[in-house]
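Below you'll find the structure, written out as structure tokens, and then a few comments.
The values are calculated or read from the model by the stated rules, or taken from the named source; none is laboratory data. Being a predicted model, the structure only gives us computed values, none of them experimental. Because the Cβ atoms are built from the backbone with ideal geometry, glycine has one as well, and the counts that use them run over all protein chains shown.
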Amino acid sequence: MNPSPPPQDQVRRASGAALAGRSLVRRLVLLAAVWCVALLAGAGVLLTANFHAAALQRFDQGLSEDADDLYAGAAVGPGGEVFAPAITDARATRVYSGKYWEIAERRADGKLHSLERSRSMWDADDLPASADVIEQLTRKPNNPVHFDGPGPHHQRLRITAMQRLLPRRATPIVFLTAEDRGPIDDDVQRFSLMTALALVVLGLGLVAAVVIQVRVGLSPLFAMRRDLAEVRKGKVEGLTGAYPTELQPLADELNALVEHNREVVERQRTHVGNLAHALKTPLSAMLMEAQAQPGPLAEVVERQADLMRNHVEHHLRRARAAARSQTLGERTPVAPAMEELTRLLEKVYRNKDLDVDPGDPSLIFAGERQDLLEIVGNVLENACKWARSEVLAHVEALDARRLRVTIEDDGPGLPADKREEVLRRGARLDESAPGTGLGLAIVDDLSRAYGGDLRLGVSERGGLKVEIDLPRADN
């Protein structure tokens, strides 16, 4: 009992089988598509992130300039009170316009207390500044700090805070400017959408280009496959097309393989012929000696030698058929062979009505003529032998790869429990009839050698119905 392969081998075999089941075109296109999607998706994310950072940087720069203007225009009164400059931006005077500013100071508790703020804030809360923001202002008093925060009517504000010292003020002053960041977010979203759309179109174009490139690039392989199919069908003897440099060695090897196959089959035929000659000669000598010296022993020798010769003929025919079935390009038109058998049997069985329909003249048997005559001839002769008065035969195409020969008679037929028996070599249900009992067995063996099938049934006329499926060659 062979040990079962380890799980790793099973996984590798399963994955290899899965990959083998995919077409080369599909595999190349899929790999290229995955690579293009990954690159384009990364490019889209990078472009959007860069656009967002650049837009936000420009937005923060404008807020920083507003804070600088607010600081530059601020004044301190005699009592230390702070006065805001005159703001020319009309948005800062409209209530909840989205443009806000505030001047605040830090108290002892670390929180900001508003000193002045824009009219646009109206009755809203002061601009938010978290403890983290205040800590950053303390560490870097002259550098602006940019952050997001909530504004009036649930606006999302972009806020810039800057801490500076004013004359006659002991504590630093914090200048805050804020603006609704909704427009910039809309711009980023619009840019992301347009970028995604452009990249999708580009990706589809790249995938289409890859498909065309793969189809055009692999067209010599498809041409080689078609040419090889022509060789298999027997229409040409080898691959003679002009192939690219990478495929020409493969074409040469395939031609060499086809030629080697022909040589091997020819050697097999020669060996079979030599074997037939070597066996027939001693058997013929034994039969001649037995016939020259009659007697009980001679009758036994003659009967057994004749049976041996029939068996030798049967196995030699089967071996020849098996060898021929491996040969590429064997083709036999069916109609002429059927007409030849009809003419021959009509001369032998003049009292039988033999109705043979050879079918479509374009039907071609994928095998040698001698084997087709052997297969159909045995069944037709058997039908003529047992028919009372009528034998029917017709040929039809089952599909592009198979054809069927159906032969019926109006004889006594064959019981269902005897049909398996008659297919055994040498089996004879009626010992009084002439023959060796090898007819249907030969037909069955020859049909199977070509990958065909033989079935026995009941004819509508009461006799035996024989259906033989055989390989069909392309026209």
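The table that follows gives values for the structure above.
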quantity	calculated
Count of segment 370-425 residues which are part of a helix (DSSP H, G or I) and touching a Pro at 6+ places or on another chain (Cβ under 7 Å)	1
Lone qualifier among 168, 119 - being in contact with a Ser or Thr (Cβ under 7 Å, 6 or more places away or on another chain) and either outside the structural domain of residue 85 (by TED's automatic domain parsing) or farther than 22 Å from residue 55 by Cβ (or both)	119
Criterion (among the hydrophobic types (A, V, I, L, M, F, W, C), under 26 Å from residue 401 (Cα atoms) and surrounded by 13 or more Cβ atoms within 10 Å (Cβ to Cβ)) met by exactly one of 250, 239, 206, 275	239
Yes/no for residue 229 being of a type in the set (Gly, Ala, Ser) and in contact with a helix residue (DSSP H, G or I) (Cβ under 9 Å, 6 or more places away or on another chain)	no
Among the residues listed as 231, 200, 211, 236, the single one being within 19 Å of residue 24 (Cβ to Cβ) and of a type in the set (Val, Ile, Thr)	211
Residue in segment 257-275 that is under 30 Å from residue 312 (Cα atoms) and of a type in the set (Ser, Thr, Tyr) present	yes
Answer residue from segment 429-475, given it is modelled with pLDDT under 75, of a type outside the set (A, V, I, L, M) and more than 36 Å from the chain's Cα centre (by Cα) and is nearest to residue 403 (Cα to Cα) among those	439
Odd one out for residue 46, checked against (1) more than 15 Å from residue 196 (Cα to Cα); (2) hydrophobic (A, V, I, L, M, F, W, C); (3) without any contact (Cβ under 8 Å) to a residue 40 or more places away in the chain	(1)
Every pair of residues 6+ apart whose Cβ atoms lie under 7 Å, when the first sits in segment 92-119 and is farther than 23 Å from residue 184 by Cβ and of a type in the set (Ser, Thr, Tyr) while the second is modelled with pLDDT of 90 or more and not in a loop (DSSP other than H, G, I, E, B)	114/102; 114/104
Hits in segment 373-393 - residues which are more than 45 Å from the chain's Cα centre (by Cα) and of a type in the set (Val, Ile, Thr)	391
Selection count where residues are in contact with a Gly (Cβ under 7 Å, 6 or more places away or on another chain) and over 23 Å from residue 335 (Cβ atoms), scope segment 460-475	3
Tally, over segment 72-96, of residues that are touching a Pro at 6+ places or on another chain (Cβ under 8 Å) and outside any strand (DSSP E or B)	4
Residue in segment 240-251 that is touching a residue at least 12 places away in the same chain (Cβ under 8 Å) and in a helix (DSSP H, G or I) present	yes
Selected residue (criterion: nearest to residue 229 (Cα to Cα)) from residues of segment 363-376 that are of a type outside the set (A, V, I, L, M) and modelled with pLDDT under 90	367
Unique match (being hydroxyl-bearing (Ser, Thr, Tyr) and either at pLDDT below 85 or in contact with a Lys or Arg (Cβ under 8 Å, 6 or more places away or on another chain) (or both)) among 96, 100	100
Cross-chain or 6+ apart pairs with Cβ under 9 Å, segment 148-169 first and in contact (Cβ under 8 Å) with a residue 12 or more places away in the chain and within 18 Å of residue 67 (Cα to Cα), then outside any strand (DSSP E or B) and basic (Lys, Arg)	148/181; 157/181; 158/181; 163/140
Residue within segment 68-86 that is within 18 Å of residue 152 (Cβ to Cβ) and either in contact with a Lys or Arg (Cβ under 7 Å, 6 or more places away or on another chain) or of a type in the set (D, E, K, R) (or both) present	no
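Here's the yes/no breakdown for (1) in the same structural domain as residue 111 (by TED's automatic domain parsing); (2) within 23 Å of residue 45 (Cβ to Cβ); (3) modelled with pLDDT under 90:
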{"site": "158", "(1), (2), (3)": "yes, yes, no"}
{"site": "180", "(1), (2), (3)": "yes, no, no"}
{"site": "185", "(1), (2), (3)": "yes, yes, no"}
{"site": "194", "(1), (2), (3)": "yes, yes, no"}
{"site": "200", "(1), (2), (3)": "yes, yes, no"}
{"site": "211", "(1), (2), (3)": "yes, no, yes"}
{"site": "223", "(1), (2), (3)": "no, no, yes"}
